[in-house]
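Notes follow once the structure below has been shown.
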């Protein structure tokens, strides 16, 4: 079962961006585009944060801290700020006492769900690896 099916069926709500106006990608432009996309997601905790927010979940900072106990407060703040700057996460400030801040995915951030589902499926379909002993024997 795909991750998005476990949470919600968000892929039906997602609109895909039109293909490049320039036409098909070349090997160079495709590699550069993938590299740029991966830079948006690099960081140890960004994908974990994304999976907690998929499906329209809105979470307070303290809820995210509890959901990801291994992350430090400083690192969580840094990752959320970077994702907000990149347009993946939106920060919702409720002006009240005490202040209340929540985080949710933007539509563009939510559009990552099908792509990450495909990546999970790809990883799950990995064929078994040969053991190193068998590899050493064939190399001789």
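Footprinting exposure proxy ranking of 61, 51, fewest other C-beta atoms within 10 angstrom first, gives 61, 51. Among 107, 117, 63, the order by Cβ neighbours within 10 angstrom, fewest to most, reads 107, 63, 117.
Annotation: extensible slack from residue 97 through residue 75 equals 5.4 nm (criterion: 0.36 nm per residue apart, minus Cα-Cα distance). Its alpha carbons give the range 46-121 an Rg and a Dmax of 12.5, 45 Å. Between residue 108 and residue 38, the FRET efficiency estimated from the beta carbon spacing at R0 = 25 angstrom works out to 0.95. Computed from the C-beta positions of residue 130 and residue 30, the FRET efficiency with R₀ = 30 Å rounds to 0.50.
FYI, it's all coordinate maths here, none of it is from the lab. Values in this document were obtained by computation on a predicted structure and should not be read as measured data. All Cβ positions, glycine included, derive from the backbone under ideal geometry; neighbour counts span all protein chains shown.
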